[in-house]
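Before any comments, here is the structure.
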């Protein structure tokens, strides 16, 4: 997993250098929330899954048309189960330390001292540690690692010629983790359908040019 992340960053940096007009770096904070990541069985209207929230500090590298951000933060899980009219949400104090990396293609539109940009890209969330009674049955924290697709909009408000304030608001679509695949095999022998998690991701930061 660590080798995969390193390769991803190196490819992004090399590719960005080919078409970067200006390079800036920055840091900030991020809130990421997703729900509906789980398993469902339509014939009996059954669903079991998780809700995930993460608060993280991050660094970002902007290459005009490509943004790379790396985050480290704390995440929490709550579990939800539904069967017909029955619904229950519970949590056993699930907590995680997470490392995230995102590669975003963006198209900047300059408006006076502001830059507006739609973006789309990919995200990989790696769980470095996980504590929960249920987690004892898993050998690796990577059981909770997930790929995601990000789309959204952002804008930069320039404080001066070299310093700007950045806001991004996007939607994160998370694919099933190994935990969900294992749970599917345990509950049904693989007959349930995995669902895609969806939720907002908001980022605030300060950036500066070299």
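Data overview
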read-out: Of residues in region 167-203 being at pLDDT 95 or above and loosely packed, with under 14 Cβ neighbours inside 10 Å, the one nearest to residue 157 (Cα to Cα); value: 169
read-out: Residues (modelled with pLDDT under 85 and either surrounded by fewer than 12 Cβ atoms within 10 Å (Cβ to Cβ) or assigned to a strand (DSSP E or B) (or both)) located in region 5-35; value: 6, 7, 10, 11, 14, 17, 18, 19, 21, 22
read-out: Matching residues in region 164-181 - criterion: being touching a residue at least 40 places away in the same chain (Cβ under 8 Å) and either more than 21 Å from the chain's Cα centre (by Cα) or part of a strand (DSSP E or B) (or both); value: 164, 165, 166, 168, 170, 172, 174
read-out: Selected residue [surrounded by 13 or more Cβ atoms within 10 Å (Cβ to Cβ), farther than 19 Å from residue 197 by Cα and either in contact with a strand residue (DSSP E or B) (Cβ under 8 Å, 6 or more places away or on another chain) or at pLDDT below 85 (or both)] from 69, 94; value: 69
read-out: Residues satisfying the stated conditions in region 144-163, i.e. more than 17 Å from residue 118 (Cα to Cα) and either within 21 Å of the chain's Cα centre (by Cα) or in a strand (DSSP E or B) (or both); value: 144, 145, 146, 147, 148, 158, 163
read-out: Residues (in contact with a helix residue (DSSP H, G or I) (Cβ under 6 Å, 6 or more places away or on another chain) and closer than 11 Å to residue 202 by Cα) located in region 143-173; value: none
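The values are calculated or read from the model by the stated rules, or taken from the named source; none is laboratory data. These numbers come from a predicted model, not from an experiment. Glycine also receives a Cβ, built like all others from the backbone with ideal geometry; neighbour counts cover every protein chain displayed.
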